[in-house]
Every structure is written in C-alpha cells, then in structure tokens.
Amino acid sequence: MAHSKNRATDGKITYPPGVKEISDKISKEEMVRRLKMVVKTFMDMDQDSEEEKELYLNLALHLASDFFLKHPDKDVRLLVACCLADIFRIYAPEAPYTSPDKLKDIFMFITRQLKGLEDTKSAQFNRYFYLLENIAWVKSYNICFELEDSNEIFTQLYRTLFQVINNGHNQKVHMHMVDLMSSIVCEGDSVSQELLDTVLVNLVPAHKNLNKQAYDLAKALLKRTAQAIEPYITNFFNQVLMLGKTSVSDLSEHVFDLILELYNIDSHLLLSVLPQLEFKLKSNDNDERLQVVKLLAKMFGAKDSELASQNKPLWQCYLGRFNDIHVPVRLECVKFASHCLMNHPDLAKDLTEYLKVRSHDPEEAIRHDVIVSIVTASKKDLSLVNDHLLNFVRERTLDKRWRVRKEAMMGLAQIYKKYALQAEAGKEAAKQISWIKDKLLHIYYQNSIDDRALNEMWKCQNMLRHHVKDLLDLIKQPKSDSYNKTVFSKVMVITRNLPDPGKTQDFVKKLAQVLEEDEKIRKQLETLVSPSCSCKQAEVCVKEVTKKLGSPKQPSNPFLEMVKFLLERIAPVHIDTESISALIKQVNKSIEGTADDEDEGVPTEQAIRAGLELLKVLSFTHPVSFHSAETFESLLGCLKMDDEKVAEAALQIFKNTGNKLEESFPHIKSVLLTVLQHKAKKGPPRQAKYAIHCIHAMFSNRDTHFAQIFEPLHKSLDTDNMEQLITPLTTLGHLAMLAPEQFAAPLKSLVANFIVKDLLMNDRIPGKKTTKLWVPDDEVSPETLAKIQGLKLMVRWLLGVKNNQSKSGNSTLRMLTAILSSDGDLTEQGKMGKPDMSRLRLAAGCAILRLAQEPCYHEIITLEQYQLCALVINDECYQVRQAFAQKLHKGLCRLRLPLEYLAVFTLCAKDPVKERRAHARQCLVKNINLRREYLKQHAAVSEKLISLLPEYVVPYAIHLLVHDPDYVKVQDIEQLKDIKEALWFVLEILMAKNENNSHAFIRKMVENIKQTKDGQCPDDPKINEKLYTVCDVAMNIVISKSTTYSLESPKDPVLPARYFTQPDKVLNCCRTSRTGKWMPKAANVLGAVDKPLSATGKMQTNLSRMETISNASSNSNPSSPGRSKGRLVSQTHIHVSSLIYKFGSV
C-alpha cells in the first residue's frame, strides 16, 4: 500500500489501453466514449488485481474530483458513478479516498445518480440498474458509518429510493433496494429518528395511497430489519405516547395509523408498544381514548389477528371501553363487534355480556348499532351468533325508539328470509330461528303508530297488485291509437312503486312486452293478482314466471331481479283464506280464554283487540280471504262482546268484507242485520256509525232497513235526556250523508226546528265553573256532546245533499262562525264552562273544514268566515289548536281542502308551544312536497295549477296576515316582526329548493299583489296600506334569502280574484323605480324589522289567546287571562234571533 501511495503522490494518471486523457479540453461526446472504456476496464477488474489497482489509483482519485462530480452532463455523471461504484468494489475493504468530506461528496453524488432509476424506459436504465446492483452487493454505503454526516447521507439515500420506486420496476430492483437499505439498519450502530421517519412516512395512509410501491418497499424493509429496528420504533412511540413529546417527529400526529400498519406488517415490531396502549385506553382525554379504541378495533377485528389471545390484559382493558362514559367511544366499540364476530367467533362469548349492556344503552344510536352488528354477523353465517345475541335483537323490537325497532324488525326479517325461507343453512338453522315469524307478526300491533309498517306494506301491496291487474287487463284489450300511451302510463305508475324508478322503468316496459307476447306468463301473473290466490298457488306462479324468464347462461340478470322483486311485492306471501281462518281461530281462543296470551306477557283483552285490529287492516287489503262462514260467525260473536273497541273493529271488518255476505251466507245475514239495527239505535255512538255503514255496504234493500231505523229515532228525539240523544244524532247524521234523497225533507225540518232551536240555542244545564280549558272525554257534559253531534249532523246532511239551492249551507256557515265569534258560547248567557266552550269551538272549526272540502260549499264561505276558521289554529286552548291542526292537515293531504287552507299554518309561527310550531312546519313540508310530487306525476293538470302549485299559497298567506286581528298598527315594529316570522315560516320551506326558478315566481307574485287592492276591503285605505306593507316584508325576505329572485319569472302568476282586485299597473303602491328594481317603502321600518330570522320553531311571543301547556287538565297561562275578542271581525258577529229566523225560514 505504501507503494500505491507513492504512485498516487507523483500525480501521474494512467489510463486503460486505448484511452487518452480525460479533461475539460475534449468534447462531451469524446469524453463519454473514453469514460465508457474506463467503465469497461473497472468492470472487468476484481479485488485480486493488485497491479491494476496500483496502476489505476491516480485515475480513481481523478474520477472523484469536482470536475466529474459536478459535471453538467448526466451521461458523464452516470458513467463516473458506475466507475466509482466499481472502485469501491475493487479497493474494498479500504477505499482509496481518505478525506471524510470527499467521501460524503462521492456518496451524495452516487445517491443523486440513483434518481435515474425512476425512468425505466430510458436508454441508460441498465447502467442505473448496474449502479444500484453494485453498491447494494458491495454494501458500499457502510463505509459512511464512521463519518460525522452519515445520517445525512443515509437519509438522502432512503428518500431517493422511496421517491424513485414505481410500478415499472421489476422484483430485482426492489430486492437490491431492500438489500442496500437493510444493510445500513442492521450493520449500523443506531437508527436516527430522521432516518426512521423516512421509512415510516410511507406507511401513513395519505402517502400509502399516493405511492403503493414505496409502501411495499417500506414494508419489505421493516420485515427484513424487524429485530434491529424494533428498539428505535419503541423509543419513538414511547416519546410520543408516554412522554407526550410530539416535537420529536413530524409523524407524531399519525402514531395510531402507524401502529396499525406496523402491527399488520410484523407484530414483533410492537412488542413493547402495545402495553402503552393499555395505558392510553384509560386516558382522561375523551378524544385520545376514542382514537385508541378505533385503532384497537381494527387490530383485534382483523381477520388473522391473534392479538386478543396473545395480549389478554389489553383485550380485557379494551372490553372495558364498552362501558366508557363517552358516547362515541361506546359507539365505536359496538361497531367493532360485527367484524369481531365474523372474523373471531371464539370471542363471541366475551362480547355477549358487553353487548347485552349496550343493547340497553340510553343512547339510541348505540342500541341501533348493537342490532346492526349482530344482524350483519348473522347474515354472513348464523353460527357466528349465539341465541343470547339474537335475543338482544328480539328485545329491541320493543324499543321506545322507532329507528331501533325498525332496525331490529328488518334485521330479524332478513335473517328469517335467508335461513328459514331460503334454507341456506339447513333445517337446524331454520329451526333455531323459527320464532322470528311469530315475533314479527306479534310486534306489528304495538300501540305506537310508527309500528304500523305491516299495515302500510299490505296497503302498498294491495295497490300495486291492482296496478298490475290493470296492466294485464289493458294488454288483453284490442289495440287502439291510445293503447301505447295508456300502457306507458300504467308502466310509469308501477315503476313509481318500485325502488329506484329511474333504473326499473326500462325493465317494467320490457315486462309489459313479455306479457303481450307470452300468454303463459300472462296467465300465471293473472292468477297471482287474483283476490282468491292462495299462498301455495302464489309460490307456484312465482317459480314458473322466474323459471321462464331466467337463463342459466346469464347468472346475473337485472331484469329478472326486478321481476322477482315485483312478484314478491304483489304475491300473497302469507295472507290467504287459510291464514285468515287461523288468525280468527286464535282470536276465538282468546275470547274463550283458552289461548296462552298471559304466558306471552299479553293481557287477554289486549290480545283480542290486537288480533281484531290486525284483521281490520287485512279486511281492507284482502277482503276476499274473509269469505267463509267460520270467519263471519266468529266476527258476529265479537259484536256481542262488552268491549267497545272489539265490537267497533268487528263492524269495520264486516263493512270491508261483507259485500257478498247477503247472497253467500243468508243465515248469517238475518242475525247480523238485527244486531246492526240494534247498535244503530241504542249502541255507543261509534258503533252506531259503523252499523249504518255496514248496512249501506252489505245489503241490497238498504232503503227499507234505513227507514226502519230512521223513523223511531226521528220521532223519539228529546232534549230532556241528553245522554240518550247522542247515539240517535250520530245515526241520523250518517243516514243523512249516505241516503240524502231518502231523508232530505224530514231532515231539513229536523235541523231547523230541533237541532238549531231546541238543542243549540239553549243551555239547559250550567257548566262546571273551572279555570281549565280542557277536560278528558269522559268528563265532558252530555249536553255538550249532544250539541257536537248536532253540529256534525248538520254538516253530514249538507255533505249528503251537496248543493246550496235552499241556502242551507249559508245558514249553517253563519251558525258555525257565530259559535266561533262567541268563543263557543252561542247563547252568550254565560252558563257554559270553559272546557265545553273549547269543545264547541273545535267542533265548529272542524265543521267548516269539512264543508270547505265540498266545492259547492267552499265557494260560499266568505273571506271573513275563512279567516275566523283559520284563527282556531291560534285558539287559547292547546288541545283545540292540536286537534284542529290535525284535521286541517288530513284534509290538505287528501287534496280535498283548497290551497288557501294551507296558508292557515302560517299563523302557527306565533304559537308559544315549540311542539305545535314543529308540527305545523312538518305539515307544511309534507303538503308542499305532496303537491310538487303530484304535479310531477300529473303533468296534464296545468289548468288546475293555481289550486295545486305550492307557491300559490303565498298570496293567501299575505292576505290572511293582513287581516290578522293581532296586526293593528300598520308600522308597529314588533307587529311587523311577527308578520316577518309568519311569512318566513312558509317561505323558508318554499324557497328551500329553487325549482323552475320559483324564487323569481314568488317575487313576481308579490310585485303583482302590490299592483292590486285588497279584494275584501278595496276601499279601506288602512287595509290596503297593511297589504302593501306585508308585501314589502315578503319582498324583503325573498331578496335577502335568494340570489336568483331577479331572474325572469317562468310564468306570470295568476292572483285569486276573491282576494285581490284586478291589477293596476300605474298604481302608486307599486313603488318600483324606472329601472324596474324593487324600491321598498318605509325603509326605516323595514330596516328595524330586517333582523336575522329566528330558526324555525324558536319564536317566542306574548299572545293573549294561546296557552303554553298541553296536558289535558291545563289551565290558562297565568299571563294570558283570556281569549282576545278584539281579534274578531265585526261583520261576523250574528245575533241569536237572526240565526233562528234564518234557519226557521229554510
């Protein structure tokens, strides 16, 4: 070596044979040519070539000069790097370079050249690969261990390799990179945090997703160096988790992601870290506990994980988090359960007790997710869940929350379908869950209205069955010009009753074509939709149709899946004559006391009621299935029971199913008729009502039967015994509605002389003096109940007659509004108690709503009468407001009440009870959506647009608010704030979607109103000023809440002629500038009103007429002593003697 050093110091450079001097004086091309020869020379040399090593020592030193290391040409740099790599190989174990700075420069230079590996299609790629292979095989970088800057060199090398690795590299490149990096970790004295970060950063999800190859490289490196690198990984996590030193690494915020990745790579990497997680599970920081729980859920739940068995203390500590105080932590634990059950059935025993506790968790979301976890595992494999877990689902079918009950019921249904109906796991599994069917049928009759899902299912099934039957009838008809259009219309109706109508539309069209062409399939479908189709027949039909449409060559057939779904929807899966008979027998057992209802935890009376309620729904959807003597005889027995609810249900079932009873079962008919006549005369009011409807629906000579009931009742009416008067009035009212022609003349006299003069115009028994506004039904006086039935009789009589030729409708409306204007005390003698007055106000308001649903009476209701009726929704009694709102909503949902009645809900914005405001908002949302959907489905009703388009409620709302008695001072700031809240109550919902540029349409409507006068009081300047002010407030809302209001209106609005005069384009009140932009009047007033709108349902108001408590025995609000009579319009106050005169002259 001494000789070598001497050779080096003399400075003479020896080049390989044929290679001339390489310096800056030659061209780049020539330099490359000469370097290639040098590369070839070094490549052919080995470590034993001592003479050559000495000969070319100065050349080796020359190649490491700055001239080459900083040369601008990449080809030159690459060739030099290859030479240097070979020099390290040849001169190993001691390099010819002794200066630490020079060594650092050389290795940083080689690292930079490795970036060329990125382009696998480069012409020079093989040389780059040779460079990598050489330094990896020789472990050249290990020379740097002794250098001060070794960490910088290694870190840069690691970063470069992770950057250049890509999917174009083959396995050899990957292997050499791992060899190169692993030698540094395994043979070095330490691994710095910076170097560790360059590896771990590739495991962070964001980086992992960006460069999958870098992730795989890091994974392979960690697996190779697991034993050597584990102490440094432990130290990193110890610093961050235990000591809280997050500054030690930029990856501190990703510790939990890293732990999961490292565990998946090699669990031995975390031998000392996992105990730290046990400590973190007990942290006082909620978010920290949640993060650890999420992490461990993935680690314990992973398919091949053995962590629970390997680290039992950690598993037990994790299970303890099922009882964590923090809701999101408990929720995360419950969500984990399904993965754990599916991947580790052996842990089910440990989980069961904790899931049991969580199935009773106070949080609805947690109880819901317990069900989801158990059902998900069950659907994968029933053997994964034990009977205890299934029982938790069973218990939750009685949960207090509908969302949880629904999930439990749907889950059990899916399990039953898979393992019992489709028998996917054999007879034993089917036997294990055989209880599900009975449980589901039992729970469908809970008290909550939400649980009537089965009822709705049957109703929808019945409706869809009729639509399919209509399609089959259409297809059998001779082809005509309108055939295709009619069939397409029916196809669209069927499509709307299936999931995802957009996708299923083409399939239903295809089915219609198949039915036209294939008579066998058509006949099978006709059998399926026949009312007499049994469950067994349905099963055969479904199999035949699916077999005919299926194809073994096409296992995945979306069309067939849609047909199967349709068949499932319309087929009588579990209801036919046989099942109805079985249900009737079960009810009979309960009646006879031989059923085991008490053993099931259900009182016998409740079981009988529930059974009959179920039968009542089935009688509507499956009437033909009731046609058997045994069924009708059982129902006849129910009519004779003392339980009123049972008898009522039986009567309704007879009404729905008995249309052929007279001819098919004459022996039952004679007995039944006697019972019905008795109930119509002397039974409870509701039974009397149903008895009359039964006779009307079931018997051919109903006129005779009605006369036999009418005559004795008509003659025996007596106000001396009010209790005995209620049922006759109920019966007569329904007779009047069902047989108007038969009883029109006698009823006209009865209404004028008895109902009005004797009953309504007299207060015989003084009411109880009480401050309560409402009492339970059983505490209402018989006189009040009789008066309510009297009012109903008048309305039913008018609804039966359906004309106003005798002006009876006008007289009745005056009577009803008189009751409202007198606060329910028609005689104004002060004898009536407050609860009785509340009942009569409610009855009068509901009566007007009933009449408004009949066009001939709607058109005679004056605007004053409409407004007085609307004010019932602001009644001082909570129960009156509640019941009136429900009746209003019901009439609107049926599209029977005109659109102006939807505006009544705007008055609810000032209701002091939050629940009432919320209910009103729900009603508005439902009705607006209902009308929009109706218009979409019935494009041909454009001529009725003004009565259906929800936006047309705005003019009615404005007019109603203008005439609100609470709006007294035109420019009063507080009153205008109330107006703004009321308008926003409806506009918020209307403007939620800007469908068809509706914002501009609303703006145009308000502008048009500003060009009119009030149709009710056109010459009253104060009313007109109110009108324009309310319009200003409405416009202010539209402008502030919309960015598209200024666009062109899609159509010119038509204003209701009764409410507004014809527009006058030059009317002063229009207040628009020459540019056509809106110029609000009284900017100072509107500015004061223009405060942020309260969230819907949060407005508070000091109203004198509304109480703020809702229990049945409520008193008036202490701060609201009485109902404000200042609200009432003076023209509506009618003197009693005038009413008597008017009715007497009918």
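The values are calculated or read from the model by the stated rules, or taken from the named source; none is laboratory data. Predicted, not measured: the structure shown is a model, and the values here were computed from it. A quick note on method: Cβ atoms are made from the backbone with ideal geometry, for glycine too, and the neighbour counts reach across all protein chains shown. Each accessible area value is taken on the protein alone, full model and side chains, heavy atoms only, with ligands, DNA and RNA left out. Shrake-Rupley method; radii C 1.70, N 1.55, O 1.52, S 1.80 Å.
Summary of computed values
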quantity: Rounded accessible area of I325 (nearest 10 Å², 1.4 Å probe); calculated: 150 Å²
quantity: Cβ-defined net charge surrounding V273, 14 Å radius [Lys, Arg +1; Asp, Glu -1]; calculated: -4
quantity: Tail beyond 21 Å, pair distance distribution of the range 748-852 (Cα, percent); calculated: 30 percent
quantity: Using alpha carbons only: equivalent-ellipsoid semi-axes of the range 323-424, gyration tensor based, whole Å; calculated: 21, 17, 10
quantity: Net charge over other residues, Cβ less than 12 angstrom from the Cβ of I233 (K, R count +1; D, E count -1); calculated: -4
quantity: Cα gyration tensor shape of the range 915-1021, rounded if a/c is under 1.5, else prolate or oblate by comparing a/b with b/c; calculated: oblate
quantity: For the range 144-216, accessible area per residue (1.4 Å probe, heavy atoms of protein chains only), Å²; calculated: 45 Å²
quantity: Translational D in µm²/s for the range 38-175 (Stokes-Einstein at 25 °C, 0.890 mPa s, Kirkwood Rh from C-alpha pairs); calculated: 160 µm²/s
quantity: Pairwise label distance in nanometres, E605 with Q724, each label 7 Å out on the Cα-Cβ vector; calculated: 2.8 nm
quantity: Whole-Hz couplings from phi, Karplus 6.51/-1.76/1.60, listed for the range 512-529; x for Gly and Pro; calculated: 4, 5, 4, 5, 5, 8, 10, 5, 5, 5, 4, 5, 4, 5, 4, 4, 5, 8
quantity: The chain, accessible surface, carbon-and-sulfur percent (1.4 angstrom probe); calculated: 50 percent
quantity: Net charge of Cβ neighbours under 10 Å - reference N166; Lys, Arg +1; Asp, Glu -1; calculated: -1
quantity: Potential lengthening between K485 and T1044 on full extension [0.36 nm per residue; Cα-Cα distance subtracted]; calculated: 197.5 nm
quantity: Förster-model FRET efficiency, 45 Å R0, K585 and K303, C-beta, rounded to 0.05; calculated: 0.35
quantity: Relative frequency of Cα-Cα separations exceeding 18 Å in the range 248-365, percent; calculated: 50 percent
quantity: 0 to 90° range, to nearest 10: angle between helix 327-343 axis and the chain longest Cα axis; calculated: 70 degrees
quantity: Difference of contour (0.36 nm per residue) and Cα-Cα distance, C460 to S806; calculated: 120.3 nm
quantity: Distance violations [Cα-Cα > 21 Å] among K417/K548; K212/K280; K910/K1026; calculated: K417/K548; K212/K280
quantity: Solvent-accessible heavy-atom area per residue, rounded to whole Å², over the range 376-421 at 1.4 Å; calculated: 49 Å²
quantity: Amide H contacts of F1060 (H built 1.01 Å from N, under 5 Å, at least 5 apart or other chain); calculated: G1015
quantity: Per-residue ³J(HN,Hα) for the range 77-85, Karplus 6.51 cos²θ - 1.76 cosθ + 1.60, θ = phi - 60°, Hz, x for Gly and Pro; calculated: 4, 5, 5, 5, 4, 5, 4, 5, 4
quantity: Using alpha-carbon coordinates, inclination of helix 125-138 to the longest axis of the chain, degrees; calculated: 70 degrees
quantity: Theoretical gain in end-to-end length, E517 to T594 [0.36 nm per residue, Cα-Cα removed]; calculated: 22.3 nm
quantity: D_trans [Stokes-Einstein, Kirkwood Rh over alpha-carbon pairs] for the range 163-309, 4 °C, 1.567 mPa s, µm² s⁻¹; calculated: 81 µm²/s
quantity: Rounded to whole Hz, the Karplus (6.51, -1.76, 1.60) HN-Hα couplings of the range 493-504, x for glycine and proline; calculated: 5, 5, 4, 5, 9, 10, x, 6, x, x, 7, 7
quantity: The chain: Cα Rg divided by the 2.2 N^0.38 Å rule of thumb; calculated: 1.36
quantity: Expected-Rg normalisation [2.2 N^0.38 Å, Cα atoms] applied to the range 941-1004; calculated: 1.28
quantity: Only Lys, Arg (+1) and Asp, Glu (-1) charged, at Cβ; the range 924-1046 dipole about Cα centre in debye; calculated: 500 debye
quantity: The range 512-581 - Kirkwood radius from inverse mean 1/r over Cα pairs (Å); calculated: 12.7 Å
quantity: Filter on K12/K102; K36/K139; K490/K926; K439/K589; K655/K944 - keep pairs with C-alpha separation over 27 Å; calculated: K655/K944
quantity: Virtual spin-label span in nm between K536 and K139, 7 Å along Cα→Cβ; calculated: 8.3 nm
quantity: Rounded FRET efficiency, nearest 0.05, which uses the C-beta distance separating D346 from E428 and R0 of 25 Å; calculated: 0.75
quantity: Globularity ratio of the range 857-962, using Cα Rg and 2.2 N^0.38 Å; calculated: 1.06
quantity: Helix-only mean residue ellipticity at 222 nm for the chain, each DSSP H run of n ≥ 4 adding -39500 (n - 2.57), per residue, nearest 500; calculated: -19500 deg cm²/dmol
quantity: In degrees, nearest ten, helix 604-621 long axis to first principal axis of the chain (Cα); calculated: 90 degrees
quantity: Å² per residue, accessible surface of the range 627-779 at 1.4 Å; calculated: 45 Å²
quantity: Where only C-alpha atoms are counted, convex hull volume of the range 698-784 per residue in Å³; calculated: 121 Å³
quantity: Scattering profile of the range 302-376 at q = 0.12, 0.13 Å⁻¹ [log10 I(q)/I(0), Debye over alpha-carbon scatterers]; calculated: -0.29, -0.34
quantity: Q1062-D216 pseudo-label distance in nm [points 7 Å out on the Cα-to-Cβ vector]; calculated: 8.3 nm
quantity: Tail fraction, Cα-Cα pairs, the range 100-169, threshold 15 Å, whole percent; calculated: 53 percent
quantity: Sparse-neighbourhood loop sites, GluC sites (Glu not before Pro) in the range 839-920 - DSSP loop, at most 16 other Cβ within 10 angstrom; calculated: E859
quantity: Solvent exposure ordering (accessible area, 1.4 Å, most first) of H714, H889, H734; calculated: H714, H889, H734
quantity: FRET efficiency, Q414 to M761 (Cβ-Cβ, R0 51 Å, nearest 0.05); calculated: 0.20
